[in-house]
């Protein structure tokens, strides 16, 4: 009895879809079926916080649709984890995960302290907010920037690799025991990095995939699912109907 | 030479508009011109985090429009401060303020420690995140809930008053020196409260109005405006044009 | 191809072994083989910190033995997580998990804030140290004590249940969204609790079992394992041989 | 109906008085009347903490005098904010502000994170205590020292400018979005700095002036003034009379 | 070769002098010679922060005088520790200690967590600032107020005792392992309290006496004395002479 | 009437015994009698956390033996403070101290901020945990590593000295006012260091010796001893007898 997971690439471009799909296929459990979806329009990367804000409604819509189509889990495929908490609020049974949260739990289990490699320093304040929200403030050593945008990572793969290794080595020098690649577009770099560095390097796409599988299995055997109290307390259905907010239903 | 301010009531109802307009008129500076706007549709309160998420794009659209109409400042009229950081990111010259941030700066100047009165406990996690983001974690004594929804506050004003006073008295007992009414619908209660309690009681609507006036005047004499570095670094205009994100332009 | 896990009940009594074994069998994945072991002598509970200290060497010995016997993972079956970091330091390939760490990761994913129910207040300072070490200080609402010792929980199950529910209800009132039963002897209570309370109640035995399965699967597909840098950097084998510390080899 | 503000330069020298007066005149609101006063004797700078301690009684005396002379507000003109809390304790109606507190509120509104430029590293521990007290510990990126004393800043203005810019650029590199000039003698540098750096540079003299005007206007429209509870609870007048502490009356 | 210590009771009254002197005589080491001094005028208690501020210059003057009279150590006899850091800045060889700092070091050695009993809640904010400054924020469980002023403690000793015990019992219930009597006028209560409560109860007068003896002995055998770097870097003598600040010389 | 102290060098080698004994003799009080003991077997240094774990039972055994032999105090001679809390739990009357705790209390009294010099970066995570546990997180500037093992420090004393001075100078540059030599094998370096650096350099062996003498004298005059509540609540003797845990009796 398999697990059905939807990976949302919340961008108005499908350039990453195939790469991501192949990547997920490689690391998923045997019983998992995985689909990847991107958006018809909208920003083609989410480096700016206003971009994030305007795609969240679409993310929520797609998640509710996936829930109705009986996906067991959905992955919000951006390291800013956009809409993660809002999606859990309106979810009825689906597991919702996101790369940053998943990566932080794994990283802080595999070592005492981690660093996060980012594309640009602009990304740091929002990610820092998430690190604090998830409770890992004291586990974070540093953010290290490679000064590349989301669409630059795969332009010159050797240059990217060189910068990632340099950033990671500095992070280790500063006290990091684990390094996280802080972008879902950084697909395909972690294996060589951990070979070179001799420490775990977390790939956020795989982290979120495996965390989704874990939470689905956990839910099946124990019934553990997102608390309905306070943070994830859902809005009343009557309101959603009355105010014509059917995307949230 | 006056100041032009737009107060956005980010709800799909205009039931609060007139009350809020009259209230703002009473407390504004002589030279300030104030307008109030609400939305044509959407949720009629923002107690749920998914409601917040889906109105932020409309908030951003209205703010950009106000900027083009030469408003000096805009107030995002909800104590969750929805879209505050995103709006500052895409602003070009307009001052953007919001009630929670404004109230916290004022409250922490008038006393060492404050408490925030909320309608329901559901509101706490998101507000707590804002308190932490704004840097006031150590100044917060407690959230006190009166267990009333946004649309309940003015149903039985005496009952509301009774609950607010009880909550405030407990807060003072716990160490609060200032109390903040944590909802923009709690219009018209602070004066009687501070008379009864003998401590400053911050009304978030007035707080945001006066903070907006302050920041506009500050900007005029010093040029101080939101930093364009990191958090508020704006997206490139070419992208906005290319991807047809004209609401952010 | 199955997973082989050893659950160590680090006590000088086998009274919990059968109950624990049956419990683990019920919640394990189909492919998992699970064994339970306790010690021949030593303290019969670990409520005191000196008890913990004197059993850690034996825990380490048993873990190294399990590693040689090709167990994929070992669970240190006490909510104080005794020897967790030391075991990871000397491990060569085995996954080492413990109930508190596992429960905290799961609880903080299912809700923003959790409380931990303990038997006696004496337990709190050491557990608090672990909560801080694991990075979850800001997610913890409170410890709630039911004033029962490890061997009391199953004496009068109804009384225990009553106290657990009372403690959990107070925790929710204080802001907890998830509750953790903070003792591996609290086997068999979570399901009824979560039915009554309507929130996730984490059982630490199951949490550690599923977290062990998760980390083993993660390791198999990605090679992610405990970092050898700093915290878990292992001692040189020559020293272990020269100083006759063969239990650590 | 104008606002009357007294700027206290708490030094036993009037060398800064004229420069400060002219500076304040340039940035004050049209309706504000501003006076500057310094002391007849005592230390001529406050770089040492014992200097600060011995001038506070004189600061309090001058503030009480200003209150009786119907000043609306008083500014304690040193970035250590000496006597700020004590003055508010004994104030009866006057607004008391100080440069560090004012600057921090403004800086943390204009950006997420700020750095403070100081003259010498000796200044840091006391300023850090204030940053923590005001609640902005998490917003501070760093203190940057230019290794110049209070009376050195205007000796070689180009050298000072060069050092300020270098310090500010390093601060931005470290994550600062706003920079604060951490001395009231650093008059006249911010405009060129923010032109060169492209970020807001806060001048503490102007910050305190505008914050004073803001709090006076706020008080006039809402009655908000310093809480009389706990921190600012005033001593009983009988005691002041009985013990001949008339400077505090 | 004995130790000469001066205990400063920084009040404009000698009503506590004899009681304090007798008390110190009882607990001092055999070789210690102890003197007690109070002030000719000024506030007769220091419950208000402005009172504290105006006596600090006199405290500094007396400390410099004691240093010249070859006292080995001086105790600033108020639990607010007024002038402690300033005195260390201008000290040349004398050991300066104060009750709060001394008590906190001892309390946090004897147990993990402590509570501080205060006379009135007004005292809390300033003491809290000291607790944070000294680094013991995480060790503090609570402040407990007995709602008595400094001069009330010895009016009805039985009532005081009753209130202290009640406060201490609540503190233990909240997690305190040690209790500190947070006022130097609370002389003579700790022994009975610790007999009744079965936990250490720290008397701040004795704590500061023994800490002074400890630091003097430490200094004699190792040369360890207050660092001259940053916080305690002393002002240049030329300035003190030139500006006629001879009290600081 | 003298004080009898046992210094435990918790290593399976006596190479440090004589050096340590001579060192302690030089700094002890006249009335103190000091003995040094090391172990018959086991690890010859404690740089790895598993080494620490396996020697703690022997440390506890030796401490209980010392208590029966009427030692007034025992010093656990390793800067990791191994077994400190467990020993206090089972102690009946003996004072138990350890170098890190002792050094931190002294260092944070002599200056606002300190740095700790370590041999290797591997040591940092465990020491950091202790710094946090003891409450000094905010006082710590940095750990500085000289990249030498415990048995290397005395191989080339000049090289060690050079590295210590370099590390200390960097620490001061970063804000440290006091420096702690973070290893009990760093005997004999502090005096020259503090002469060169002009700041207090804490030797942890002397620090623990003097702190032990201090706590013994304190106990004699006031009865203050480790709290029996929560953290140090001792196990019931019946259990120790019944389970044959006589080493803890």
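Quick notes on this one:
- Qualifying residue in the stretch D:239-246 (condition: in contact with a helix residue (DSSP H, G or I) (Cβ under 6 Å, 6 or more places away or on another chain) and closer than 30 Å to residue D:188 by Cβ): no
- Residue within the stretch C:188-195 that is modelled with pLDDT under 95, touching a helix residue (DSSP H, G or I) at 6+ places or on another chain (Cβ under 8 Å) and either more than 30 Å from residue A:223 (Cβ to Cβ) or more than 11 Å from chain A (Cβ to nearest Cβ) (or both) present: yes
- Test set (1) within 30 Å of residue C:90 (Cβ to Cβ); (2) over 17 Å from the mean Cα position of the chain (by Cα); (3) away from every other protein chain (no Cβ under 11 Å) - residue C:164 fails condition number: (1)
- All positions within the stretch C:127-138 that are in a helix (DSSP H, G or I) and buried (at least 23 other Cβ atoms within 10 Å of the Cβ): C:134
- Scan of the stretch E:42-58 for residues that are at the interface with another protein chain (Cβ under 8 Å from one of its Cβ atoms), in a loop (DSSP other than H, G, I, E, B) and within 16 Å of the chain's Cα centre (by Cα), ordered by number: E:47
- With respect to the conditions (1) at negative phi; (2) touching a residue at least 60 places away in the same chain (Cβ under 8 Å); (3) surrounded by fewer than 24 Cβ atoms within 10 Å (Cβ to Cβ), residue A:192 lacks only one, and its number is (2).
- Flag for residue E:93 being over 15 Å from residue E:52 (Cα atoms) and either in the same structural domain as residue E:228 (by TED's automatic domain parsing) or surrounded by fewer than 24 Cβ atoms within 10 Å (Cβ to Cβ) (or both): yes
- Screening residue A:65 against (1) in contact (Cβ under 8 Å) with a residue 12 or more places away in the chain; (2) within 24 Å of residue C:111 (Cα to Cα); (3) surrounded by fewer than 24 Cβ atoms within 10 Å (Cβ to Cβ) leaves a single unmet condition, (1).
- Among the residues of the stretch A:209-249, those that are surrounded by 14 or more Cβ atoms within 10 Å (Cβ to Cβ) and more than 14 Å from chain C (Cβ to nearest Cβ) comprise A:235, A:239, A:240, A:243, A:245, A:247, A:248.
- Residue within the stretch E:167-183 that is more than 30 Å from residue F:102 (Cβ to Cβ) and either within 12 Å of another protein chain (Cβ to nearest Cβ) or in contact with a helix residue (DSSP H, G or I) (Cβ under 8 Å, 6 or more places away or on another chain) (or both) present: yes
- Top-ranked residue in the stretch D:139-151 [being farther than 30 Å from residue E:137 by Cα and away from chain E (no Cβ under 14 Å); ranked as surrounded by the most Cβ atoms within 10 Å (Cβ to Cβ)]: D:146
- Residue within the stretch A:79-92 that is part of a loop (DSSP other than H, G, I, E, B), away from chain C (no Cβ under 14 Å) and more than 18 Å from the chain's Cα centre (by Cα) present: yes
- Checking residue A:107 against (1) in a loop (DSSP other than H, G, I, E, B); (2) touching a strand residue (DSSP E or B) at 6+ places or on another chain (Cβ under 8 Å); (3) within 14 Å of chain C (Cβ to nearest Cβ), the condition it does not meet: (1)
- Number of the condition not met by residue C:198 [criteria: (1) free of Cβ contacts under 8 Å to residues at least 40 places away in the same chain; (2) surrounded by fewer than 24 Cβ atoms within 10 Å (Cβ to Cβ); (3) farther than 30 Å from residue A:232 by Cα]: (3)
- Residue within the stretch D:22-41 that is in contact (Cβ under 8 Å) with a residue 24 or more places away in the chain, touching a strand residue (DSSP E or B) at 6+ places or on another chain (Cβ under 8 Å), part of a helix (DSSP H, G or I) and facing chain E (nearest Cβ under 10 Å) present: no
The values are calculated or read from the model by the stated rules, or taken from the named source; none is laboratory data. Everything numeric in this text was worked out from a predicted model, so none of it was measured. Note that each Cβ is placed from the backbone with ideal geometry, even for glycine, and that neighbours are counted across all protein chains shown.
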